[in-house]
Amino acid sequence: MIKVSVKRVIAFIPYAAAYFIVLGLTAFAIAFWSQNVLFKDGSFSAVKVACYLPDDSSLNDTGFSLVSHMNSIESSVSLIKYDSEDEVREAVDDEEAVAGLIIPEGFASGIFTGENLQIEVVFKSADTFDEHVVKDVMLVLANDLGVGQASVQTVYSLCDEYDIDADQTSEIVSVAQANELGYAIDRMSIFDINTLDDISVFTLTQKITAAALIYILLLSVFVFSYFCKGSNDAFIARAKLSGISPVRFFITETCCVASMMYVIYVLFFAALNLADIDINVRSLLLIIPVITIISLIVTGVCYCFKTPVASAYISFSVFTVLMYLAGGLLPLEFLPLFLQKGAVYNPLRLLIDLTMEVMFS
Amino acid sequence: MVKIENVTVKYKKTVLRDVNIQADKGECIGLLGLNGSGKSTLLTTIAGIKKPSQGRIYAEGKIGFVTQENALIDELNAYDNILMWTSMKKDEIIKALNGPQLSILKVTDFLNVKVRNMSGGMKKRLALASVFITGPDVLLMDEPLSALDIPAKNDILSFIDAFKANGGIIFIASHEENVFAHCDRVYHLKDGRCQLADLTRPVAEILND
């Protein structure tokens, strides 16, 4: 039976390869196209923050404009202005925004008097990754603001200590403030956003590549349902009468499917290398457990349904939904919050992470 | 010998009810009935693939089952399809196919042809040969002549005669009148009951009872 199984695999590989070439090229074309759309400059900011500014000082708008145009803020956080405190709270409550910032009246003038009014930061739950991003950015901005404020206050204190008159004090403070503003404008980036952006794009490329590989391997039910005979009564009867147990029959066919998938992976590996995508050479060995898991799923599905058409349609529906919920078709950040939380329990997400690790670590 | 004693098979409803048949060496038993009358169920129960709800089946020797749908793999040729179910070597297989009984099926004429390129008759001959080559004492055949041309039917009927002549036991489920001429007894299955059919009457008339 082993010798014949090898012959079956060799005879079936052209059909499997044709499927993978057609579906694989389509899947990757869509994946890389969507990646470019998603990460085009300014089109993707995962973290939305609602913001209320009182109209008691023109410095509020200047400050808002300065902060929202910082490279690191612009590429990672979308600051959206609201007209009232209530609207900000409502936006957070409705999950339109991850967090809300409420600037109190007198905040701008307080910077110079040392009154230190606090900005209110509103979260709905404050336990997601996005919310931590907002917290960290706020901490960095508060430090920045505090350093500026401290330097201006130091100037006032020193002028007072050395009995410098009001006109001269005002002149010195103006110089200090101009330096502060110049420093803030020159330092438009809190952190090196270009590197961050590159990492995000790179991670997304890895994820989409790994997810696309798993997706096309899972959907190979379309072709392998014609290969696997475990749902065919005639074959089951024949196997039983020949003394071959259903388990042995299943294992043999799973091994056949896995070996065909492996051949396809080798071709996939070669194609990615030709496309200049850096892929781990060790993955040729490390991918075997991943392929074993997927071939068990694919063969299992083929055995569960009586006809190839039924297994193909049902697996397409189920795997597409699971892949979507695992963030394999669209980044998880684009999904509603409750679906993002649910992704933790999605087995395909673990499989995608494992494949990413195997291919790119 | 095959002895079917008080066999009842139930799924959601009772498919076979209290069936009793005995077949001795060299006998051919025909099973006649409309679609869904339980012919295929009886054969799969004799093969041991399905267990009877009541009663018991005693079968002496090895059983071979030629199912209605062929257990053949499209992308392999005839030789590999035979090899799949046997541990025999190539020369042993060729020798067996050229033997007195299997040569009737003329499988050596298309040994290197892939199943997908075969006609219905070739597939049926191959399916029969691949079962027979494993040396069964009891042969179960489900609709062996369906959708075959006359030469293919004649070859398979000749094979049945040869198998009987060598002491084999055959159970055939069929609608074809000319099959029953080769049977020693024919049973009519209706509403789960199995009774001896009077073959002096036309098959169509028996089925309408």
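In segment B:41-65, of all residues being touching a residue at least 60 places away in the same chain (Cβ under 8 Å), more than 9 Å from chain A (Cβ to nearest Cβ) and under 30 Å from B:LEU207 (Cα atoms), the one that is surrounded by the fewest Cβ atoms within 10 Å (Cβ to Cβ) corresponds to B:ALA59.
Being surrounded by 21 or more Cβ atoms within 10 Å (Cβ to Cβ) and among the aliphatic types (A, V, I, L, M) is a description that applies to B:VAL186. Restricting attention to segment A:74-95, the residues that are in contact with a helix residue (DSSP H, G or I) (Cβ under 7 Å, 6 or more places away or on another chain), among the hydroxyl-bearing types (Ser, Thr, Tyr) and either assigned to a strand (DSSP E or B) or at pLDDT 90 or above (or both) add up to 1.
With respect to being of a type in the set (A, V, I, L, M, F, W, C) and more than 29 Å from A:LEU285 (Cβ to Cβ), A:VAL318 fits the description.
This table checks each residue for (1) surrounded by 15 or more Cβ atoms within 10 Å (Cβ to Cβ); (2) modelled with pLDDT of 90 or more.
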{"residue": "A:CYS255", "(1), (2)": "yes, yes"}
{"residue": "A:ASP278", "(1), (2)": "no, no"}
{"residue": "A:LEU285", "(1), (2)": "no, yes"}
{"residue": "A:ILE297", "(1), (2)": "yes, yes"}
{"residue": "A:LYS306", "(1), (2)": "no, no"}
{"residue": "A:PRO331", "(1), (2)": "yes, no"}
{"residue": "A:PRO336", "(1), (2)": "no, no"}
{"residue": "A:LYS341", "(1), (2)": "no, no"}
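Of all the residues in segment A:106-124, those that are out of contact with any strand residue (DSSP E or B) (no Cβ under 9 Å at 6 or more places or on another chain) and closer than 17 Å to A:GLY148 by Cβ number 12. Against the criterion of being within 11 Å of another protein chain (Cβ to nearest Cβ), in contact with a Ser or Thr (Cβ under 9 Å, 6 or more places away or on another chain) and not in a helix (DSSP H, G or I), A:ILE244 qualifies.
Checked against the criterion of being in contact with a Lys or Arg (Cβ under 9 Å, 6 or more places away or on another chain) and farther than 22 Å from A:ILE236 by Cβ, the candidates B:ILE57, B:ILE21 yield just one match: B:ILE21.
Taking segment B:24-40 as the range and being of a type in the set (S, T, N, Q) and either within 15 Å of the chain's Cα centre (by Cα) or within 14 Å of chain A (Cβ to nearest Cβ) (or both) as the test, only B:SER40 passes.
In segment A:20-42, how many are crowded, with 17+ Cβ neighbours inside 10 Å, more than 14 Å from A:ALA211 (Cα to Cα) and either small (Gly, Ala, Ser) or modelled with pLDDT of 85 or more (or both)? Going through segment A:20-42 one residue at a time, the tally reaches 0. Just one of the listed residues (A:ILE185, A:ILE172, A:ILE199) is in a helix (DSSP H, G or I), under 49 Å from the mean Cα position of the chain (by Cα) and at pLDDT 85 or above, namely A:ILE172. The sole residue among A:ASP56, A:ASP61 that is in a loop (DSSP other than H, G, I, E, B), at pLDDT 80 or above and of a type in the set (D, E, K, R) is A:ASP56.
Okay, residues lined up against (1) modelled with pLDDT of 90 or more; (2) not in a helix (DSSP H, G or I):
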{"position": "B:ILE29", "(1), (2)": "yes, yes"}
{"position": "B:SER40", "(1), (2)": "no, no"}
{"position": "B:LYS50", "(1), (2)": "no, yes"}
{"position": "B:GLY61", "(1), (2)": "no, yes"}
{"position": "B:ASN70", "(1), (2)": "no, yes"}
{"position": "B:SER87", "(1), (2)": "no, yes"}
{"position": "B:GLY99", "(1), (2)": "no, yes"}
{"position": "B:SER103", "(1), (2)": "no, no"}
{"position": "B:ARG125", "(1), (2)": "no, no"}
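The set of residues in segment B:159-209 being basic (Lys, Arg), farther than 20 Å from B:THR45 by Cα and not in a loop (DSSP other than H, G, I, E, B) consists of B:LYS164 alone. Can you spot a residue in segment B:150-158 that is at negative phi and part of a loop (DSSP other than H, G, I, E, B)? No.
Filtering segment A:200-250 down to residues that are aromatic (Phe, Trp, Tyr) and over 30 Å from B:ILE82 (Cα atoms), which residue is surrounded by the fewest Cβ atoms within 10 Å (Cβ to Cβ)? Looking at the filtered set, the residue picked out is A:PHE202. For the structure I just gave you, tell me whether B:VAL115 is more than 24 Å from B:LYS25 (Cβ to Cβ), at pLDDT 90 or above and touching a Leu at 6+ places or on another chain (Cβ under 8 Å). Yes: the conditions hold for B:VAL115. Can you find a residue that is within 13 Å of chain B (Cβ to nearest Cβ), in contact with a strand residue (DSSP E or B) (Cβ under 6 Å, 6 or more places away or on another chain) and of a type in the set (A, V, I, L, M, F, W, C) anywhere in segment A:216-233? For segment A:216-233, residues within 13 Å of chain B (Cβ to nearest Cβ), in contact with a strand residue (DSSP E or B) (Cβ under 6 Å, 6 or more places away or on another chain) and of a type in the set (A, V, I, L, M, F, W, C): absent. Residue check: is B:PHE110 more than 9 Å from every other protein chain (Cβ to nearest Cβ), among the hydrophobic types (A, V, I, L, M, F, W, C) and over 30 Å from B:ASN35 (Cα atoms)? When the stated conditions are applied, B:PHE110 passes them.
Being on the phi < 0 side of the Ramachandran plot, facing another protein chain (nearest Cβ under 7 Å), surrounded by 13 or more Cβ atoms within 10 Å (Cβ to Cβ) and out of contact with any Ser or Thr (no Cβ under 6 Å at 6 or more places or on another chain) is not true of B:MET88. Looking only at segment B:1-27, residues that are over 13 Å from B:ALA59 (Cβ atoms) and assigned to a strand (DSSP E or B) come to 11 in all.
The values are calculated or read from the model by the stated rules, or taken from the named source; none is laboratory data. The model shown is predicted, which means the values in this text are computed figures rather than measured ones. Glycine gets a Cβ as well: all are built from the backbone with ideal geometry, and neighbour counts include every protein chain shown.
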